[in-house]
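Report on the following structure.
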């Protein structure tokens with residue numbers, strides 16, 4: 001009886017944490033995707049302006065992190081379905097090994113996303129720092145600064161990256177906690 005009660009608690013934890021991970025990562029992905037889209041559209045509207053120095057690699061890595069975040073959201077939905085299987089009394093209940101393998105895939109995806117987002121952040125911050133160092137000190141909005149002034153569109157790139165990074169961290173922490181729960185059993 002105690003084993004069945006423990007399994008019900010684990011299933012409830014998977015369901016609750018799966019929903020938390022799903023909605024929080026989905027909101028982060030929507031913001032990140034929206035900001036990247038806005039950044040892309042904004043850069044297309046400003047055709048006479050050259051792209052910032054070195055912003056491309058950071059945006060590419062952020063986009064890859066966003067794609068991994070989308071895959072993590074799909075994995076979150078799998079955690080919710082897994083909780084239903086764990087709560088059932090049927091023979092189709094996933095084993096501890098299957099559950100651990102699903103969590104391991106989710107953890108690896110989150111770690112990969114964190115890595116891509118962190119490297120992308122370094123690329124974005126480095127290019128914006130280099131661009132800021134080329135600005136004339138004490139002069140705000142001077143005519144003739146050319147491509148040196150950092151625009152809000154370029155700062156949105158950092159915001160998109162931060163959203164992707166935060167989404168992956170949420171998924172990583174939740175999966176590590178769930179993994180710890182099933183390993184105690």
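Could you pull out the residue among 115, 129 that is part of a helix (DSSP H, G or I), more than 18 Å from the chain's Cα centre (by Cα), free of Cβ contacts under 8 Å to residues at least 60 places away in the same chain and more than 20 Å from residue 16 (Cβ to Cβ)?
129
Scan 173, 77 and give me the residue that is part of a helix (DSSP H, G or I), at pLDDT 95 or above and either within 30 Å of residue 3 (Cα to Cα) or out of contact with any strand residue (DSSP E or B) (no Cβ under 6 Å at 6 or more places or on another chain) (or both).
173
Could you list, ordered by first residue, the pairs with Cβ atoms under 6 Å in which the first is in the range 1-23 and free of Cβ contacts under 8 Å to residues at least 60 places away in the same chain and the second is crowded, with 20+ Cβ neighbours inside 10 Å and part of a helix (DSSP H, G or I), at least 6 apart or interchain?
If the second residue must be crowded, with 20+ Cβ neighbours inside 10 Å and part of a helix (DSSP H, G or I), the pairs left are 22/76.
Results for (1) modelled with pLDDT of 90 or more; (2) farther than 22 Å from residue 164 by Cα; (3) surrounded by 20 or more Cβ atoms within 10 Å (Cβ to Cβ); (4) in contact with a strand residue (DSSP E or B) (Cβ under 9 Å, 6 or more places away or on another chain), shown as yes or no for each residue.
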residue: 54; (1), (2), (3), (4): no, no, no, no
residue: 60; (1), (2), (3), (4): no, no, no, no
residue: 72; (1), (2), (3), (4): yes, no, yes, no
residue: 89; (1), (2), (3), (4): no, yes, no, no
residue: 110; (1), (2), (3), (4): yes, no, yes, no
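I'd like to check something: does the range 32-41 contain any residue that is in a helix (DSSP H, G or I), closer than 25 Å to residue 100 by Cβ and at pLDDT 90 or above?
Checked the range 32-41: no residue is in a helix (DSSP H, G or I), closer than 25 Å to residue 100 by Cβ and at pLDDT 90 or above.
If we scan the range 43-52, do we find a residue that is surrounded by 14 or more Cβ atoms within 10 Å (Cβ to Cβ) and at pLDDT 75 or above?
Scanning the range 43-52 turns up no residue that is surrounded by 14 or more Cβ atoms within 10 Å (Cβ to Cβ) and at pLDDT 75 or above.
Could you list, in sequence order, all residues of the range 91-108 that are over 22 Å from the mean Cα position of the chain (by Cα) and either buried (at least 16 other Cβ atoms within 10 Å of the Cβ) or not in a helix (DSSP H, G or I) (or both)?
Listed by number, the residues that qualify are 91, 92, 93, 94, 95, 99.
The values are calculated or read from the model by the stated rules, or taken from the named source; none is laboratory data. All values derive from a computational prediction rather than experimental measurement. Counting neighbours? That spans all protein chains shown, and the Cβs are built from the backbone with ideal geometry, glycine included.
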